[in-house]
1. Once the Cβ-Cβ distance between A52 and N239 is put in as r, and R0 is 35 Å, what FRET efficiency do you end up with, to the nearest 0.05?
2. Between their Cα atoms, which of K90/K265; K70/K90; K89/K122 are more than 21 Å away from each other?
3. Need the full-extension length gain, H230 to D160, defined as separation in residues times 0.36 nm minus the C-alpha distance. One decimal, nm.
4. Tell me, I231, I66, I2 in order of fewest to most beta-carbon neighbours within 10 Å?
5. Send over the per residue convex hull volume for the stretch 182-280, Cα only, as a whole number of Å³.
6. Which order do R188, R153 fall in if you start with the one that has the fewest other Cβ atoms within 10 Å?
7. Cα atoms only, the stretch 63-279: Rg and Dmax in Å?
Amino acid sequence: MIYLFSLNKLPHILTIPLIIVLTLIISYIIHLAFKRRQILLKIVFILLAIYAGYLYITMKDNTKEINDLKDTLETNQELMKKKQEEYKKKAQEKKEEEEEVQQEKKKIVNEEEIMNYVTNLKVVGIGDSIMLNTVDTFYEVFPNGYFDALKNRTICAGYDVLKGIQDSGITWDVLVFNLGTNGEPNRRCKDNLRELAGGKDIFWLTTTNPDVPETNPDLIDYANEFENIHILDWPTEANNHPEYLYSDNTHLRPEATRPYVEFVKNGIYNYYLEKAKNEN
């Protein structure tokens, strides 16, 4: 029963009670079958046991993909630290350059220029293992970006990270948050992040983790209250591409890292494109 439920995407809060209830019901049926010597029910039980055994024997071994993901996260952790150090060293040199970029913002007139503008934004990204898995591609797509990701990071932990980035003298044009995979939809924590953003646009990715179903509705409701928070609906995109996710239906396979970062880039691009159209 536990194995069969592991194949679905139900949250733990529903799975555990259902396992208990169905186990009791099936146990009672088996008890009646053997007590009353009903041959048919005995046969059904035996067939179900054989089928369950077959499923267990033939189930996919996910050990390799788990190890691959672990190796990728460790490699990207080292890459991210190196990039952060390089970014901080160049931060002072770029101040004059940034002032020129600010002037250029007013000259954006077409789609090509908007895309060029987006890819050259100073994007500060804060995330958990999902972003860590893609951090190398983020640096490639956003060469002026600064990213900080860590396994098991929560929304509340994101505040200390952003505060540390700010205290180190790093500024940003937009923020990208991939926080929520590990639960904790705490309003106070989201308020702290929003206030620290200083009114700059925040692009917040919703989570693909089926174990925390309350996180996405909470994020969407929160974003609807503020003009500078924009939701990037990654779960819908991922559901259209089952090949993107590992068997945990949360973490990205290697072939999904590029589409994931492109999805973020296009989300930011579409926002600025619409903004430019409205201003014109």
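1. About 0.75, to the nearest 0.05.
2. Those over the limit are K90/K265; K70/K90.
3. Once the chain is fully extended between H230 and D160, it gains 23.1 nm.
4. Ascending number of Cβ neighbours within 10 Å: I2, I66, I231.
5. Considering the Cα atoms of the stretch 182-280, their hull volume per residue is 110 Å³.
6. R188, R153
7. Here Rg and the maximum Cα pair distance are 16.8, 52 Å.
Laboratory data are not the source of any read-out in this text; all were calculated from the coordinates shown. Quick caveat: nothing in here was measured; it's all calculated off a predicted structure. Cβ atoms come from the backbone with ideal geometry, glycine included; neighbour counts cover every protein chain shown.
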